[in-house]
Amino acid sequence: MAPTPASSLAGSLAPAAVDRYQRDGFLFPLNVFDAAETARHRAAIEALEARDDPALPRPLGQYFRVNAHYVLPLAVELALTPKILDIVGSILGPDLLVWSCEFFIKEAGTPKIVSWHQDLTYWGLGETDGEMTAWLALSPATPKSGCMRFVAGSHRKHIQPHKDTFNADNLLSRGQELAVAVDEADATDVVLEPGQMSLHHGRMFHASGPNHSDDRRIGVAIRYVTPAVRQIVGKRDYAMLARGMDRDRNWINVAPPGGNFEPAALARYETILADQTEALSAGAAQPVGLYAT
Ligand SMILES: O=C(O)CCC(=O)C(=O)O
């Protein structure tokens, strides 16, 4: 039997759902888009892929894989979806910024994986509870297609030691992997229908396997932070105000782009990438190419 969605179609989370998030460090499935809206977002992404403009300074996959919201209005539209902000705001509060928007695409029948890790390990944001990922499925996320797996309650641990593998099939920037044992039997499959999303805490142990299905597995990971979160490893960091106010001024606030890949937005993207690479590559034995596709 399909699990009961943690929210129905509307608005903020019920207190019991917030409690579940606090207890487990994740919550799913949450209904966001109907079939028509989901198909529209998927088609917009695939239209960009079909165009794959050779004049772009970097391969399209780079812009998809990190900080898509600084160069692509379609990523901003997803990140600022009122229903997502209502749900995220139920947990993080009324003032929200988008720190990153990332497309995790695994082609049909490919070995790409994500190793067990905790997101906050290399982001330079400390062990904060003020960061959360909303992961939106635009195609089926199932064990066969390589859905995420979460270990309930692991967000209550500190950031654990990780090791770098630089594995080419790993979608993470340095193939980082938890150096502590994870019992696969403790993991929950995050099964999502297209148009549904999950939430996870930045210290959640999570991973995902290869895509053995006949369809692409398309996920959009939107990382939200509160104004109180700040960069503590790199010199500075950037975010886009999504809702409310940023009174703390820990972030350089970036305005949404007016169109796809505008020259000023592309230049800004490079500045942000360079600054964030400083935090992300701290302590790495090899240069960290920010997020290979
Ligand atoms: O999309 C995946 O399989 C993994 C995504 C992930 O690790 C994340 O969103 O933090």
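The values are calculated or read from the model by the stated rules, or taken from the named source; none is laboratory data. All values derive from a computational prediction rather than experimental measurement. Methodologically, a virtual Cβ is constructed for each residue, glycine included, from the backbone with ideal geometry; neighbour enumeration extends over all protein chains shown.
Could you please let me know if ALA292 is within 30 Å of CYS147 (Cα to Cα), surrounded by 15 or more Cβ atoms within 10 Å (Cβ to Cβ), within 17 Å of the chain's Cα centre (by Cα) and modelled with pLDDT of 95 or more?
Taking the combined requirement at face value, the residue does not satisfy it.
When segment 109-130 is examined, which residues are found to be near the ligand (Cβ under 10 Å from one of its atoms) and in a loop (DSSP other than H, G, I, E, B)?
LYS112, GLN118
So if I check each of LEU30, LEU13, LEU85, which one is more than 17 Å from the chain's Cα centre (by Cα) and buried (at least 21 other Cβ atoms within 10 Å of the Cβ)?
Only one candidate qualifies: LEU13.
Looking at this structure, is THR110 surrounded by fewer than 20 Cβ atoms within 10 Å (Cβ to Cβ), out of contact with any Gly (no Cβ under 6 Å at 6 or more places or on another chain) and in contact (Cβ under 8 Å) with a residue 12 or more places away in the chain?
yes
Within segment 238-246, is there a residue that is within 16 Å of the ligand (Cβ to nearest atom) and part of a strand (DSSP E or B)?
Scanning segment 238-246 turns up no residue that is within 16 Å of the ligand (Cβ to nearest atom) and part of a strand (DSSP E or B).
When you go through (1) within 12 Å of the ligand (Cβ to nearest atom); (2) more than 13 Å from ALA221 (Cα to Cα); (3) assigned to a strand (DSSP E or B) one by one for THR133, which number turns out not to apply?
(2)
Residues to consider are VAL229, VAL225; find the one that is within 28 Å of ALA265 (Cα to Cα) and in contact with a Ser or Thr (Cβ under 7 Å, 6 or more places away or on another chain).
Step by step, each of VAL229, VAL225 is checked, and only VAL229 is within 28 Å of ALA265 (Cα to Cα) and in contact with a Ser or Thr (Cβ under 7 Å, 6 or more places away or on another chain).
In this structure, is ASP214 away from the ligand (no atom under 16 Å from the Cβ), touching a residue at least 24 places away in the same chain (Cβ under 8 Å), in a loop (DSSP other than H, G, I, E, B) and over 17 Å from the mean Cα position of the chain (by Cα)?
yes
Residue check: is ASP186 more than 15 Å from the ligand (Cβ to nearest atom) and either among the hydroxyl-bearing types (Ser, Thr, Tyr) or free of Cβ contacts under 8 Å to residues at least 40 places away in the same chain (or both)?
yes
Looking at the structure I just gave you, is GLY130 closer than 27 Å to ALA239 by Cα and over 15 Å from the mean Cα position of the chain (by Cα)?
When the stated conditions are applied, GLY130 does not pass them.
For segment 237-255, check the following and say yes or no: at least one residue is over 21 Å from PHE28 (Cβ atoms) and among the β-branched types (Val, Ile, Thr).
Within segment 237-255 (the criterion being over 21 Å from PHE28 (Cβ atoms) and among the β-branched types (Val, Ile, Thr)), the answer is yes, since at least one residue qualifies.
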